[in-house]
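The values are calculated or read from the model by the stated rules, or taken from the named source; none is laboratory data. Here the structure is a predicted model, which is why all the values come from computation and not from measurement. Heads up, the Cβs are rebuilt from the backbone with ideal geometry, glycines too, and the neighbour counts pull from every protein chain shown. Side chains included, ligands, DNA and RNA excluded: accessible areas come from the protein's heavy atoms. Shrake-Rupley method; radii C 1.70, N 1.55, O 1.52, S 1.80 Å.
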Amino acid sequence: MESYDVLVVGGGLAGIRAAIAAVEANPRIRVGMVSKVYPMRSHTVSAEGGAAAVMRPEDSYETHAFDTIKGSDYLADQDVVEAFVREAPIEIIQMEHWGCPWSRDEDGKISVRPFGGMTTWRTCFAADKSGFHMLHAVFQTSLKYPQIIRHDEAFVTKLLVEDSRCVGVVALDMKTGRFDAITARSVILATGGLGRVYAFTTNGNICTGDGMALAYRAGVGLKDMETTSRTKWSWVRATSSRAR
Ligand SMILES: Cc1cc2nc3c(=O)[nH]c(=O)nc-3n(C[C@H](O)[C@H](O)[C@H](O)COP(=O)(O)OP(=O)(O)OC[C@H]3O[C@@H](n4cnc5c(N)ncnc54)[C@H](O)[C@@H]3O)c2cc1C
């Protein structure tokens, strides 16, 4: 039975980035990464448009946060959005250093464009293959860490829970048909979206919300977005409605 300090379920952009962050935080730990597909086949590759980040002096974290919250119809976790907009420019530069070939302006700066609900030129892109290039950059970077051990094409079917703590997973090795228990001191779920629960979606067949189902079956209540706190930015909404 394999055992890790950290086990990441998911080999998309979120999962690989989490695995790298874990070994960078502590190079002595062992990180397992389980993915039901080869990581480069994760759904992240389908993202074309780009990634928003405040990259110009005339832009601001506040407007990026507001555009993001408004784009979510005020359902986003606003504390997470605030943290996200501050991290985003750092991550864009990090991606650059890891080899992501961002499209550039003539002066050499990373290009930005208005996209994805942004009210200003804020979306960085790598031609029309942003997701592919970002995933490639983190995947290749992950290869330099021998502490990250991959279990490709292994389908997690259950979370192992002991004393109300997740202590690992059960995974079906799709090559052999064998079920394995993989234990860990901490488990990160980064299993992507659940577009396939809807009748119409641009998500591929792979996006079936497995992480949410795994957590729900393990007894974790799923948060109803409909109940997210709307108070913090409600004044902005009121002001912008009045302006319209
Ligand atoms: C057509 C399209 C265009 C998009 N364009 C943009 C864009 O321009 N900009 C933008 O920011 N976002 C865009 N998105 C959204 C973006 O692609 C996703 O939000 C993001 O890629 C999700 O990354 P992720 O790592 O969370 O999930 P994914 O890349 O989906 O990875 C999920 C991982 O979990 C693994 N996994 C899932 N279930 C299991 C299981 N049971 N057992 C083991 N492993 C499992 C999978 O194998 C995979 O490795 C777009 C999405 C679509 C569909």
So, with +1 on the Cβ of K and R and -1 on the Cβ of D and E, and no other charges, what is the size of the charge dipole of the stretch 49-128 about its Cα centre, to the nearest 20 debye? 180
Mind checking which of Ile92, Tyr74, Phe125 is farthest towards the positive end of the stretch 49-128's charge dipole, using Cβ charges of +1 (Lys, Arg) and -1 (Asp, Glu) about the Cα centre? Phe125
Using a 1.4 Å probe on the protein chains only, how many percent of the accessible area of the stretch 49-128 belongs to carbon and sulfur? 55
Might you report the magnitude of the Cβ-based charge dipole of the chain about its Cα centre, with Lys and Arg at +1 and Asp and Glu at -1, to the nearest 20 debye? 280
Where does each of Glu96, Glu87 land when they are ordered by accessible area, with a 1.4 Å probe and the largest first? Glu87, Glu96
Would you calculate, for the chain, the mean residue ellipticity at 222 nm contributed by helices, counting each DSSP H stretch of 4 or more residues as -39,500 (n - 2.57) and dividing by all residues, to the nearest 500? -9500 deg cm²/dmol
Unsatisfied cross-links (Cα-Cα over 29 Å) in the set Lys36/Lys144; Lys70/Lys223; Lys36/Lys70; Lys144/Lys223; Lys158/Lys223: Lys36/Lys70; Lys144/Lys223
In whole Hz and in residue order, list the ³J(HN,Hα) couplings for the stretch 183-190 that follow from phi through the Karplus curve 6.51 cos²θ - 1.76 cosθ + 1.60, θ = phi - 60°; x for Gly and Pro. 9, 7, 6, 8, 10, 10, 9, 9
Around Leu160, which amide H atoms from residues at least 5 apart in sequence, or from another chain, sit under 5 Å from its own amide H, with H modelled in the peptide plane? Val167, Gly168, Val169, Val170
Phi to ³J(HN,Hα) by Karplus 6.51 cos²θ - 1.76 cosθ + 1.60 over the stretch 44-52, Hz, x for Gly, Pro: 3, 4, 7, 5, 10, x, x, 10, 7
May I ask for the Kirkwood hydrodynamic radius of the stretch 1-159, worked out over all distinct Cα pairs and given in angstroms to one decimal? 16.8
Which of the helices in the chain meet the span-like rule: DSSP H, Cα axial reach of 27 Å or more, Kyte-Doolittle mean at least -1.0? 78-97
